[in-house]
Ligand code: G1P
């Protein structure tokens, strides 16, 4: 199965300034969402889609990330000794998910630059990119759908989601044309973080991509764009509008559950939603949420 061989890239080199001081010594990807670091959800999502080779692009503070996905024999022995199989399983799970590699970004020159750092590891093959600020509910298998679309069309596939036009300035926005599939659109243009007036639609790029390797050549020559950074969106805009051999760009329109952990309010909402949904925590939390809401 070709999808078994696809590699995934997770950029995790951001400074996490919105979460200071929590992110002073800890990468923001390690902040817990209920009881797992945010990045573990993303690695689990890739593993569920059949991807077992993952490259994490890191900035400073690499150690916590590397340690998290490594085994901790002394902790495992202790839990084994105590007969605490539940916790043991949870500890072992995070180190058994995938073959995880790391590369440093060096300078924080933007998402496009981070993705380009994956070139040597990925080689001349399609690959997935997952951004850690977007968590996709495991009951809504977006990445698997995207890989299937990629295999059917031989094209670059991005995930799109309708957002309130007031929010489009926080995302890449897509100009699209319909296809014969209601959930798939042809992407004819992309703009990074446009104003509401300049946005070609309210279809926002959410952080999942299945890219063809042609993107690397384009990224090599992509000039800094919005915010002075090398933008992945700008490289994809070129891929969407050029007649080269990249196969074009299509968007899978996602209508499932997505949790944003990018800023503090969304992060808190994500924790509340995910905890309320959990079988082990939900029954105790849900009535309390109601009681608490009534006091507001
Ligand atoms: C990045 C991308 C943007 C995309 C967003 C999704 O922006 O540049 O196109 O819409 O992720 O989360 P960031 O949020 O990292 O600034």
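Just to be sure, is residue 226 surrounded by fewer than 21 Cβ atoms within 10 Å (Cβ to Cβ) and within 14 Å of the ligand (Cβ to nearest atom)?
The answer is yes for residue 226.
Working carefully through the options 143, 160, find the one that is in a strand (DSSP E or B) and crowded, with 18+ Cβ neighbours inside 10 Å.
Unique residue meeting the criteria: 160.
Being in contact with a strand residue (DSSP E or B) (Cβ under 6 Å, 6 or more places away or on another chain), within 12 Å of the ligand (Cβ to nearest atom) and assigned to a loop (DSSP other than H, G, I, E, B) is the filter here; which residues of the stretch 94-131 pass it?
131
Could you list, in sequence order, all residues of the stretch 202-217 that are touching a residue at least 24 places away in the same chain (Cβ under 8 Å) and away from the ligand (no atom under 13 Å from the Cβ)?
Within the stretch 202-217, 210, 211, 212, 213, 214, 215, 216 meet the criteria.
Scan (1) surrounded by 21 or more Cβ atoms within 10 Å (Cβ to Cβ); (2) not in a loop (DSSP other than H, G, I, E, B) for the single condition residue 166 breaks and write down its number.
(1)
Just to verify a result, which residue in the stretch 178-198, among those that are closer than 16 Å to residue 236 by Cβ and either within 16 Å of the ligand (Cβ to nearest atom) or without any contact (Cβ under 8 Å) to a residue 40 or more places away in the chain (or both), is surrounded by the fewest Cβ atoms within 10 Å (Cβ to Cβ)?
189
Computed from the coordinates by the stated procedures, all read-outs in this text should not be read as laboratory data. Predicted, not measured: the structure shown is a model, and the values here were computed from it. As a convention, Cβ positions derive from the backbone with ideal geometry for all residues, glycine included, and neighbour counts pool all protein chains shown.
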